[in-house]
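> Have a look at the structure that comes next, please.
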Amino acid sequence: MTVRDATAQNLTGVWNGRYFYPRELAPVSFVATLFETASGLTGTTHEQAGPASSALRYATLEGRRDGKAVAFVKTYANAGSHVQPIDYSGRLNGDATEIEGTWRIRGNWSGRFLMIRSPGKAASVERKVAERV
C-alpha cells in the first residue's frame, strides 16, 4: 500500500452526516470529527439540539474499524440518564468517502445513517504526509 492509499483510506477527518428515524420524524444532520489510529476510532459530533432550537448537542465517539466495517458508540455529553449510548454500525465505500449503516439504541429503536467526507480532504492530508516524508 502506498502512502497515498494509506492516507486516503484513513478515516481521520471531518465528516458530514445525517441520521434517519424509523418514523415520520425529520432526519438530523450532524458533523463528526474522526481520529483513526491502527484499528481504533475516536471522535466527536455536534448537531442541532432540536428542530426549533439553535443550541447544539455534543457527543463523543469510540469504536473500531475492521477493513470496510466501521462501528462506534456515540455518547451524548451532559445528556443525563434519559439518553442511552447509541451503537452505530456501517460499511465504508471503496474510496473511503462514505460510511453508510444503521444506528441502534439498545432495547429501544433504530434507524439508518450516512456520513460523507470530501475526497479533496483526503488529498489534502495526503499532500501534508508526502511533504513530511
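The values are calculated or read from the model by the stated rules, or taken from the named source; none is laboratory data. As the structure is a prediction and not an experimental result, all values here were calculated from the model. With ideal geometry, Cβ positions are generated from the backbone for all residues, glycine too; neighbour counts draw on all protein chains shown. The protein model used for the area step is the full one, side chains on, heavy atoms only, and it has no ligands, DNA or RNA in it. Shrake-Rupley method; radii C 1.70, N 1.55, O 1.52, S 1.80 Å.
> Is there any pair with a first residue in the range 37-56 that is under 12 Å from residue 73 (Cα atoms) and open to solvent by less than 90 Å² (accessible area, probe 1.4 Å) and a second that is part of a loop (DSSP other than H, G, I, E, B) and not polar (S, T, N, Q) whose Cβ atoms are under 7 Å apart and which are 6 or more apart or on different chains, and what are they?
41/11
> Output the number of the condition that residue 76 fails; it satisfies all remaining conditions of (1) out of contact with any Pro (no Cβ under 7 Å at 6 or more places or on another chain); (2) loosely packed, with under 14 Cβ neighbours inside 10 Å; (3) at pLDDT below 95; (4) not hydrophobic (A, V, I, L, M, F, W, C).
It is condition (2) that residue 76 fails.
> Among the residues that make up the range 20-30, is at least one of them among the hydrophobic types (A, V, I, L, M, F, W, C) and either farther than 18 Å from residue 110 by Cβ or touching a His at 6+ places or on another chain (Cβ under 9 Å) (or both)?
To start, the set of residues in the range 20-30 that are among the hydrophobic types (A, V, I, L, M, F, W, C) comprises 20, 25-26, 28, 30.
Restricting the remaining residues to those that are either farther than 18 Å from residue 110 by Cβ or touching a His at 6+ places or on another chain (Cβ under 9 Å) (or both) gives 30.
Yes, the range 20-30 contains at least one residue that is among the hydrophobic types (A, V, I, L, M, F, W, C) and either farther than 18 Å from residue 110 by Cβ or touching a His at 6+ places or on another chain (Cβ under 9 Å) (or both).
> For residues in the range 82-94 being open to solvent by 20 Å² or more (accessible area, probe 1.4 Å) and at pLDDT 90 or above, which is farthest from residue 12 (Cα to Cα)?
At the first step, the residues of the range 82-94 found to be open to solvent by 20 Å² or more (accessible area, probe 1.4 Å) are 82-85, 87, 89, 91, 93-94.
Subset that is at pLDDT 90 or above: 85, 87, 89, 91, 93-94.
On the way: 85: 22, 87: 19, 89: 17, 91: 16, 93: 15, 94: 16 Å.
Top of the filtered list is 85.
> Give me the pairs, please: first residue somewhere in the range 10-27 and surrounded by 14 or more Cβ atoms within 10 Å (Cβ to Cβ), second residue anywhere and modelled with pLDDT under 95 and of a type in the set (A, V, I, L, M), beta-carbon distance under 6 Å, and either six or more positions apart or on two chains.
Filtered contacts from the range 10-27: 19/28.
> Among the residues of the range 27-55, write down those that are closer than 20 Å to residue 103 by Cα and among the aliphatic types (A, V, I, L, M).
Those that are closer than 20 Å to residue 103 by Cα and among the aliphatic types (A, V, I, L, M): 28, 31, 32, 34, 41, 49.
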